[in-house]
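None of the figures in this text is laboratory data; all of them are computed from the coordinates on show. All figures in this text were calculated on a predicted structure; none of them were measured in a lab. Cβ atoms come from the backbone with ideal geometry, glycine included; neighbour counts cover every protein chain shown.
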Amino acid sequence: MPLPQILDGKTLAKTLEERNRLRVESLVAGAGASVPILATILVGGDPASATYVKMKRNACRRVGMDSRRIELPEDTTTAQLLDVVDGLNADPDVHGILLQHPVPAQIDERACFDRIALRKDVDGVTTQGFGRMAMGEHAHGSATPAGIMKLLDHYKVQIEGRHAVVVGRSPILGKPMAFMLLNKNATVTICHSRTRDLPELIRQADIVVGAVGRPRFIQGDWIKEGAVLVDAGYNPGPVGDIDLEAAAARSSAYTPVPGGVGPMTIATLISQTVDAAERYAGGSDEI
Ligand code: NAP
């Protein structure tokens, strides 16, 4: 077996970032356009979420965009968070809204995600955006799976006609991932905690996506020789959801952890915010 190809998200994200920086530069130079602004909402004190938001705000700065930081206390109610989202929807200076997942348990996260105006849903979390994407209509994609699709496209990984097995069905990762692969003509199997014979299903996969949230859960001997491995997991270590030490050697290509999917998520969020700002500057109310 030849050595597997590394699907290097860190390097591709840097390339996208430079492209976004140039796009922002020319946008701001245009008559009447303002610096694009991403509003970030962090509810509660979860340190991992705080780190993710900080990384996203730093990424805004690197491309010449501004971000507006909104931090709300742990005991925020659904009604209070909906009010904040309404305010940002109505603010013409804000081009994109990121509500960091997860929010504290007392909040109806789905209701708050769905309150985000479609054209400002640059993280791709709304039901309407998901539905449009699933139907093949234009929408901002959910940032992590959309970033994975960019990475697969960049490395010219063949998707059409191949069997993709997505392990995980969360609204922001597994489900949109499955539809994005389906829309590129993969044959898709979606697995979850009630799936029977998971190793057998994964052994049939040409493309495996790990989106489980359990460190090194997908074992090396479950992997078919030559499969492409996409590890979306990010667990302390950091390690992914696939036991890459054992699995990578059997694969034809794999995303490393760190340096694979993570940087692509942020680069995609920024790209989609610039998309939104460009459309706004062009006078379009479309998404
Ligand atoms: P999640 O909401 O907890 O969903 C986990 C999914 O895995 C669920 O669908 C669950 O099934 C399934 N699952 C759990 N145990 C399983 C088992 N034993 N067998 C098969 N499926 C099982 O997690 P998430 O938000 O999708 O995140 C998944 C991973 O991706 C995490 O490691 C997270 O840190 C990472 N992530 C990374 C990024 C990034 O930018 N790099 C972004 C988002 C998430 P049920 O539906 O049946 O419960």
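Structural remarks
- Subset tally (residues that are in contact with a Ser or Thr (Cβ under 9 Å, 6 or more places away or on another chain) and acidic (Asp, Glu)) for region 207-234: 2
- Residue among 208, 239, 228, 257 that is among the hydrophobic types (A, V, I, L, M, F, W, C), within 11 Å of the ligand (Cβ to nearest atom) and crowded, with 24+ Cβ neighbours inside 10 Å: 257
- Of the residues in region 110-118, at least one is of a type in the set (Asp, Glu), surrounded by fewer than 19 Cβ atoms within 10 Å (Cβ to Cβ), away from the ligand (no atom under 16 Å from the Cβ) and under 19 Å from the mean Cα position of the chain (by Cα).
- Region 27-65: number of residues that are part of a helix (DSSP H, G or I) and among the polar types (S, T, N, Q): 3
- Among the residues making up region 66-88, a single one is free of Cβ contacts under 8 Å to residues at least 24 places away in the same chain, farther than 19 Å from residue 276 by Cα and either among the small types (Gly, Ala, Ser) or not in a helix (DSSP H, G or I) (or both): 79.
- Residues of region 20-65 classified as free of Cβ contacts under 8 Å to residues at least 40 places away in the same chain, of a type in the set (Ser, Thr, Tyr) and in contact with a strand residue (DSSP E or B) (Cβ under 8 Å, 6 or more places away or on another chain), total: 0
- Number of residues in region 162-178 that are in a strand (DSSP E or B) and either surrounded by fewer than 23 Cβ atoms within 10 Å (Cβ to Cβ) or near the ligand (Cβ under 6 Å from one of its atoms) (or both) equals 2.
- The residues of region 179-205 that are buried (at least 17 other Cβ atoms within 10 Å of the Cβ) and within 11 Å of the ligand (Cβ to nearest atom), listed by number, are 190, 191, 198, 201, 202.
- Residue match in region 3-23 (condition: surrounded by 15 or more Cβ atoms within 10 Å (Cβ to Cβ) and in a strand (DSSP E or B)): yes
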